Amino acid sequence: AHREMIGALRRGDKVVTAGGIYGTVAKITNEAEVALEIADGVRVRVARGTISEVISKTEPANDTAKK
């Protein structure tokens, strides 16, 4: 179940890490890591496997405007 949860992470999801840090997924970097925004303008890289819970799922931002 944990693998499915971290496999389904999307930008904008609100999560909590195993270390107790709350944040919002800012970017899915690769299979092993994500960037979390933990405060306005403050991003940290975390191992994807350390995300222990998804608090709320959101729709990902629309990237078509950038293309």
Where does each of Ile6, Ile51, Ile38 land when they are ordered by accessible area, with a 1.4 Å probe and the largest first?
Ile38, Ile6, Ile51
Only Cα pairs under 8 Å and at least 6 apart count here; give the relative contact order of the chain as a rounded whole percent.
35
In square angstrom, rounded to the nearest 10, how much accessible surface does Val44 have for a 1.4 Å probe?
50
Convex hull volume of the Cα atoms in the chain, per residue, in Å³?
93
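The values are calculated or read from the model by the stated rules, or taken from the named source; none is laboratory data. Every value quoted in this text rests on a predicted model; they were computed, and no experiment measured them. Heavy atoms of the whole protein, side chains included, go into the accessibility calculation; ligands, DNA and RNA do not. Shrake-Rupley method; radii C 1.70, N 1.55, O 1.52, S 1.80 Å.
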